[in-house]
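Laboratory data are not the source of any read-out in this text; all were calculated from the coordinates shown. No experiment lies behind these values; they were computed from the predicted model shown. Ideal geometry is used to build each Cβ from the backbone, glycine not excepted, and the neighbour counts take in all protein chains shown.
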Amino acid sequence: MNVNDNAGYLIPSGAWTTIASKLAPTSFHGSWARRFIRQSAHRIANLAKMPAFSASAGTVVSKEPDRLFAQPLAQVPDFAFNEDVVRVFPDMIKRSVPGYPTIVENLGVLAAQFAQPNSVLYDLGSSLGAVTQALRRHVRSDGCRVIAVDNSAAMVERCREYLNGQDSMFQELLPVEVIEGDILALEFQPTSVVALNFTLQFIAPEQRLALLTRIRQALLPGGALILSEKLRFNDSEEHALLTDLHVAFKRANGYSELEIAQKRSAIENVMKPDSLEEHRERLLAAGFSKVVPWFQCLNFASLIALP
Ligand SMILES: C[S@@+](CC[C@H](N)C(=O)[O-])C[C@H]1O[C@@H](n2cnc3c(N)ncnc32)[C@H](O)[C@@H]1O
């Protein structure tokens, strides 16, 4: 258990057989029970063909621990969303981003309020599809489909596997298309929900306004952009305090001083956080009418931007 676990939901994949047999009615040995157990066994067999993962709070993810920066590196390379990161990403993001599980799950809940029938929902910078899985758990509007986009081939490949895992476990999920591509080059279809969950901070600062403007132009009335980011703070004391508290959060989640220092030096050239004020001004400049922060934990926040 770590500081970001929001419940003891981890279910070892081997436990599914037991759960399936327990859920099946014991006093009723008719065809429904046999079909239930047969379907469950089929799903478990499908899961066994995939990389090790478990369903945490209903999310299909790998469990490999993040030790990427545990050994001293002669030179720390710039952070990249490559195969090494993909293997440990669920553990890395949960132990590094305060509030991440809460943001992801509630992103699905919020999306369900803004999703318009027969529209597209975008998960931009989808990584392993955690947000896409949450959208599929919560959005019930008729005819919606999800388009998940990421420019990391390794992320996209694993994301597709996890979404297949989600399809194996749950029925009547929204259809999903996972695209390997640059969100800056995407031709947006009319959309009711766009999720940018910790992705904008990896886009070159001078390209952020143009991207948000194109998202705003594609948004349908009643829709929303949900934007989560690491924040920096204009007040230097506030910035220092929340930075220190974030380091304490990572320590509490088992990261050593070496891991924290090496990860910081790997990521500082590739991730450029903005302040809340910069986000608000840019979103308004992009044509959004209202910006509403709905979550903040330390120096990480999520905003709803309305068209
Ligand atoms: C911090 S991760 C996002 C986490 C993910 N949204 C989640 O909630 O689990 C940032 C992702 O954005 C992707 N990314 C960065 N720049 C991109 C771009 N220009 N086009 C598409 N994806 C991009 C990276 O490959 C990475 O997977």
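Rounded, prolate or oblate for the range 95-169? Axes are the square roots of the Cα gyration tensor eigenvalues, ordered a ≥ b ≥ c, and the cut-off for rounded is a/c under 1.5. Note, shape of the range 95-169 comes out oblate. Rg over Rh of the range 128-248, using C-alpha atoms and the Kirkwood radius, what does it come to? Computed over Cα atoms, the ratio is 1.02.
When the C-alpha to C-alpha distance is required to be over 29 Å, the pairs from LYS250/LYS290; LYS63/LYS250; LYS63/LYS230 that qualify are LYS250/LYS290.
Counting only other residues whose beta carbon sits under 15 Å from that of ARG232, what net charge do I get with K and R as +1, D and E as -1? Once all neighbours under 15 Å are counted, the net charge is -4. Roughly how far apart, in whole Å, are the Cα centres of the range 200-243 and the range 105-172? Taking the Cα centre of each part, the range 200-243 and the range 105-172 sit 21 Å apart. The chymotrypsin sites (Phe, Trp or Tyr not before Pro) of the range 200-297 include none that DSSP puts in a loop with a beta carbon having at most 12 other beta carbons within 10 Å. Evaluated with a Cβ-only charge set (Lys, Arg +1; Asp, Glu -1), the range 130-276 carries a dipole of roughly 200 debye about its Cα centre, given to the nearest 20. Treating each Cα of the range 175-307 as one equal point scatterer and applying the Debye formula with no solvent, the log10 of I(q)/I(0) at q = 0.10 Å⁻¹ comes out as -0.38.
Above 16 Å lies some portion of the pair distances; for the range 177-228, what is it as a whole percent of all C-alpha pairs? Result: 40 percent of Cα pairs exceed 16 Å.
Using a/c under 1.5 as the rounded threshold, could you call the range 231-291 rounded, prolate or oblate? The axes a ≥ b ≥ c are square roots of the C-alpha gyration tensor eigenvalues, and prolate needs a/b larger than b/c, oblate otherwise. Prolate. Using only the alpha-carbon atoms of the range 266-307 as identical scatterers, what base-10 log of I(q)/I(0) does the Debye formula give at q = 0.20, 0.24, 0.31 Å⁻¹? Once normalised to I(0) and log-transformed, intensities are -0.68, -0.86, -1.08.
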